[in-house]
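So the structure is just underneath, and the comments pick up after that.
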Amino acid sequence: MKKLRGYNIWLIVLCSLLAIGLVLDQTGHLGPVEGGIFRAFGPIQKGLGEIGQSLSEVVGTARDLRDLRARNEQLVELVNELVVENVRLKEMEAENEILRRLLDFAQSSPGHTFKAADVRSYVVGREPNNLIQSILISAGSQDGIEAGMPVVTERGLVGRVEEVYPTLSKVRLITDPNSAVSALVQRTRSTGVVKGQPNGQLVLEYLPQGEDVVAVGDVILTSGLGGGFPRQLMIGQVMEVYQRDYEMFQWAVLRPSVDFSRLEIVLVITNFVPLRAETPAIPSAQP
Amino acid sequence: MSAMYYVIVPVLILLGLAQSALVPYFRVFGVTPDLMMVVVVSWSLLRGWKAGLIWALIGGLVLDLLSALPFGTITLGMVLASVSAGIIIANVYHPSLPVVLLAIAISTMGYYLVLMVGMALSGWSVAWMDTLSQVVLPVAGVNAGLAIVVLAAMRWLYGLIGREELRR
C-alpha cells in the first residue's frame, strides 16, 4: 500500500509539472523558467562538456594518428617519386642544354658531319695507369666510327679515335703525351704544334721566334696542316709564353677550352678522313 | 693450387675494374694511385715473392686487357715490382714501416720504368725526364701513402689465410 502511494505521488507530481509546463509554454512564460534552470545547471553542464571534449579528442587523436600515419606514408612515397623524377628532369635539362649547344655548334659548322656519342670515360675505358690519357665512348664500328676520326665538343677539340670496337671506341685525348695537333694562333696566324704533357697540360711548341708571334690570351685553333684534324677547331688559350733568344723556337702553355674532367657527351666528326702519310713510289728506270 | 686463388681471381678482376673506372676519381697531386700495384706488392712483401708473383700475373693480365699499352707491359712491370720488393724485404732483418713504404715507392718507380721502356720499344714517344718528374715521382709518393691502408688490409687477409691453412 505504501509503495503504491509513493508511486502514485510521483505520478501525480510529474503529471502536474508537465501540465504546468504546457500551460506556461502556451502563455509564453516558460522562458524565465528555462533560464533559471540553465543558470542553475550551467557550471555542471560546462564541466561535463569539457570532459566530453577531452575524451572525444583522445579518441579522435588515435583515429587521426592512424589516418595521419597512412597519409604520411603516401606522402613519403610521393616525395620519393618526385625526388627521383626531379633528378631525372634535371639530368634531362642538363643533357638538353648540352645537346642544344652541340646542335648550335653543328649547325654553325655545315662543312662537317657529326655523330653524337656519350662518353663513358670514367666507367669503363679510363686508362689504368698515369702514362696515357684516353677515354672510352659509346659509339663504335656499328655506328660508322672509324679510327682517326676527330672527336669534339661545342667547346673545342677533344681528341682522336684510336681504336674501334663494335659498340665502343677508344679516344686518345689531346692532353696525352703522344698526341700532336697542328695548330695556329688565331690572331697572328703563326703555326705550331700542340702537344700533351705527362701531367695533362697542353703546350704549343715550334712557334717561330719574333715579336708579337704569340701573347697571353691568344686563342689557339687547329690549322689543318698535315691533314690530321679539320681546320679551325678550338684547342685552347695561351696562359704563359716562354721565349729565349738562344732557342730556335718559342713555346707557350695553353689552357684547354674543353674541361676533360667533365666530359659527358662528345661528337665524332664522321665525314672527315685524316690524311695518312704515304711513301711516294719511286718510278723504275725505263729499259 | 690453394682454393684461395679461386677467390683471389675475381677479387683481382674487380680491383682491375675499380682501377679503371673508380680510382681515377681520386687524383692526388695530379696523379691516380695504382691500387692494383700497391695491393700486389703489399702481398709480396707479406707472403714472399713467390706468392706475390701469382698475384702480379693475375693483376697484370687484368690491367693489360684494359690498357692501351702493348699487351704484357703492365704484367711484366708488376711481376718485376712485386718480385724485387719481395726479395729485397726478405733480405732486410725486421723491416720497419718506413722501410716497407720505401720499398713500395721504389717498386712504383721500377714499375713505371718498365712501362716506359715497353712504350719506347713499341715506338711510342716517351718524354723521359718530364714523365719521371711529373708522374713517376709523385705517384711513388702517393702509392706509398696508399700502402699504409692497403698493408693493414693485407695483413688481416694474411692472418685469415694463415688460420685457414693451419686448420687444414
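The values are calculated or read from the model by the stated rules, or taken from the named source; none is laboratory data. Since the model is a prediction, treat every value here as computed from it, not as a measurement. FYI the Cβ positions are ideal-geometry reconstructions off the backbone, even for glycines, and counts take in every protein chain you see. Ligands, DNA and RNA are stripped out before the accessible areas are found, and what is left, the full protein with its side chains, is counted by its heavy atoms. Shrake-Rupley method; radii C 1.70, N 1.55, O 1.52, S 1.80 Å.
Side notes on the structure shown:
- Screening B:Val99 with (1) at negative phi; (2) more than 14 Å from chain A (Cβ to nearest Cβ); (3) free of Cβ contacts under 8 Å to residues at least 12 places away in the same chain; (4) open to solvent by 60 Å² or more (accessible area, probe 1.4 Å) gives one miss only, at (4).
- Out of A:Ile145, A:Ile132, one residue alone is in contact (Cβ under 8 Å) with a residue 24 or more places away in the chain, under 30 Å from B:Leu15 (Cα atoms), outside any strand (DSSP E or B) and out of contact with any helix residue (DSSP H, G or I) (no Cβ under 8 Å at 6 or more places or on another chain). It is A:Ile132.
- Helices (runs of 4 or more DSSP H) contained in the stretch B:47-136 and holding at least 3 residues not hydrophobic (A, V, I, L, M, F, W, C): B:49-66, B:73-90, B:97-121
- Applying the condition of being touching a residue at least 40 places away in the same chain (Cβ under 8 Å) and among the aliphatic types (A, V, I, L, M) to the stretch B:122-148 and asking which residue is farthest from the other protein chains (Cβ to nearest Cβ) yields B:Ile148.
- Residue count for the stretch B:49-67 under the criterion of being farther than 21 Å from B:Gly145 by Cα and of a type in the set (Gly, Ala, Ser): the result is 3.
- Top-ranked residue of the stretch B:29-43 - restricted to ones that are among the aliphatic types (A, V, I, L, M) and at the interface with chain A (Cβ under 10 Å from one of its Cβ atoms), ranked as nearest to B:Val79 (Cα to Cα): B:Met37
- Residue under evaluation A:Phe229, criteria (1) modelled with pLDDT of 85 or more; (2) over 29 Å from A:Gly140 (Cβ atoms), criterion not met: (2)
- Across the stretch A:128-165, the qualifying residues are those that are over 30 Å from B:Met37 (Cα atoms) and charged (D, E, K, R), and the one among them that is farthest from the other protein chains (Cβ to nearest Cβ) is A:Glu154.
- Scanning the stretch A:167-187 for any residue that is away from chain B (no Cβ under 13 Å), modelled with pLDDT under 90 and in contact with a Ser or Thr (Cβ under 9 Å, 6 or more places away or on another chain) turns up at least one such residue.
- Looking across the stretch B:102-121 at every residue that is open to solvent by less than 50 Å² (accessible area, probe 1.4 Å) and of a type in the set (A, V, I, L, M, F, W, C), the one that is farthest from the other protein chains (Cβ to nearest Cβ) is identified as B:Ala103.
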